[in-house]
Amino acid sequence: MATKMARAAVMTKIYGELEIREYPLPRVEQGALLVRVTCCTICGSDILAWSGKKKAPFPMILGHEIVGRIVKLGAGVVSDSGNRTLKVGDRITWTIMDNCGKCYYCRGKGLMMKCLNLKKYGHDCCDDYPHFTGGFAEYCYITPGTCVIKVPDELTDAEAAPANCALATVVAGWEAADLKPFENVLIQGAGALGFYAAALAKHYGCRRIIVTDILPHRLEAIREFGATDTINTVGMKDEDFVKTVRDLTGGFGVDAAMDVAIAPTIVPIGLKCLRMGGRYIEHGNTFPGATATFDVSDIVFRCLTIRGVHNYDTRHLQWGMDFLEQTRKTFPFEKLVVGRFPLEEINQAMDLARSGKAIRVAVVP
Ligand SMILES: [Zn+2]
Ligand SMILES: [Zn+2]
């Protein structure tokens with residue numbers, strides 16, 4: 001019997017047009033799953049890889065914010081990471097990474113995203129078996145070390161797709177920020193992560209949810225997601241910005257700040273906006289060479305904490321899914337995702353994503 005072939009959009013060079021190629025569908029090994037991709041949203045890091053700002057092995061299938069339906073379960077796969085039964089046809093998402101669970105970081109340090117045998121979806125060369133390693137394809141092959149989460153029926157594909165990168169990452173940052181009800185938060189950046197951070201802050205009862213960006217339409221839109229105060233920093237002096245944030249918080253500064261923009265120079269300004277003992281969560285600058293200068297004594301004298309948060313743990317993805325299910329009528333998550341591009345229009349989708357006009361662009365392979 002001939003092996004069934006399926007299509008994928010393949011990146012073959014930096015900023016080159018993605019090419020539609022066909023690969024044989026992989027045999028499904030023990031503990032793995034084969035999924036028919038129903039939606040993949042384009043993440044900022046897909047654009048970073050495409051533009052060469054981040055190392056990428058060619059040829060590769062980009063896309064890691066994926067939702068799909070199970071077409072085949074490998075031997076031994078009976079339930080997801082929440083112990084919910086899995087069967088063919090179920091809609092699932094999964095952790096951005098496959099980790100071994102046994103290495104120094106997995107076993108001993110609780111850092112599954114730093115696994116010594118880490119694989120990430122949308123990050124690998126697709127020349128060899130199982131080929132289908134990213135979301136810009138008809139199928140995706142889910143390897144045994146991946147944690148799978150069933151998507152609640154109420155959620156649309158567009159609502160669920162960004163959960164396994166943007167939302168789960170913000171949930172991990174939210175946990176690290178340790179914000180209590182009625183505390184004040186500064187969110188630097190009104191991209192996907194900023195929108196989710198604002199919604200979490202609103203849901204968990206923060207008082208002031210201050211969001212900064214340089215795009216007025218995004219600052220307008222994020223008010224629907226819980227932002228109480230928005231500041232457009234274009235042309236604004238750093239000291240005026242810090243004063244504005246302090247004035248909004250009784251003169252003290254915010255309890256925590258989350259940097260979810262790709263701009264290292266805003267980090268020192270964000271640090272100045274913290275109250276004594278404040279927490280700074282760094283998410284945004286995910287490419288090498290992102291340098292900034294600040295006075296280290298300020299960290300000491302004002303008892304500040306700086307925490308880097310990269311990716312997340314499985315519990316954050318489950319928490320994100322629960323959050324979407326519970327709050328989808330409060331926050332218009334669907335509005336974050338525009339376009340429903342078929343695979344053959346992947347290059348239009350990439351151009352739209354690169355333009356920054358949309359928070360998320362959806363590919364429906
Ligand atoms: Zn991502
Ligand atoms: Zn490991």
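Condition test on residue 261, is it under 17 Å from the mean Cα position of the chain (by Cα) and among the aliphatic types (A, V, I, L, M)?
Yes, satisfied.
Yes/no per residue for (1) assigned to a strand (DSSP E or B); (2) touching a Leu at 6+ places or on another chain (Cβ under 8 Å); (3) at pLDDT below 95; (4) not basic (Lys, Arg):
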| site | (1), (2), (3), (4) |
| --- | --- |
| 14 | no, no, yes, yes |
| 21 | yes, no, no, no |
| 26 | no, yes, no, yes |
| 48 | no, no, yes, yes |
| 52 | no, no, yes, yes |
| 58 | no, no, yes, yes |
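Might you let me know whether segment 216-235 holds any residue that is touching a helix residue (DSSP H, G or I) at 6+ places or on another chain (Cβ under 7 Å), part of a helix (DSSP H, G or I), under 20 Å from residue 197 (Cα atoms) and not β-branched (Val, Ile, Thr)?
Within segment 216-235 (the criterion being touching a helix residue (DSSP H, G or I) at 6+ places or on another chain (Cβ under 7 Å), part of a helix (DSSP H, G or I), under 20 Å from residue 197 (Cα atoms) and not β-branched (Val, Ile, Thr)), the answer is yes, since at least one residue qualifies.
Can you tell me how many residues within segment 245-265 are touching a residue at least 60 places away in the same chain (Cβ under 8 Å) and in contact with a Phe, Trp or Tyr (Cβ under 9 Å, 6 or more places away or on another chain)?
Total satisfying the criteria: 6.
When you go through 106, 100 one by one, which is the residue that is more than 16 Å from ligand 1 (Cβ to nearest atom), part of a helix (DSSP H, G or I) and either at pLDDT below 95 or over 26 Å from residue 359 (Cβ atoms) (or both)?
106
Of the residues 156, 85, which is among the β-branched types (Val, Ile, Thr), without any contact (Cβ under 8 Å) to a residue 12 or more places away in the chain, more than 16 Å from ligand 2 (Cβ to nearest atom) and surrounded by fewer than 22 Cβ atoms within 10 Å (Cβ to Cβ)?
Exactly one of 156, 85 is among the β-branched types (Val, Ile, Thr), without any contact (Cβ under 8 Å) to a residue 12 or more places away in the chain, more than 16 Å from ligand 2 (Cβ to nearest atom) and surrounded by fewer than 22 Cβ atoms within 10 Å (Cβ to Cβ), namely 85.
The values are calculated or read from the model by the stated rules, or taken from the named source; none is laboratory data. This one's a predicted model, so the numbers in the text were calculated from it and none came from an experiment. We place every Cβ from the backbone using ideal geometry, glycine too, and count neighbours over all the protein chains shown.
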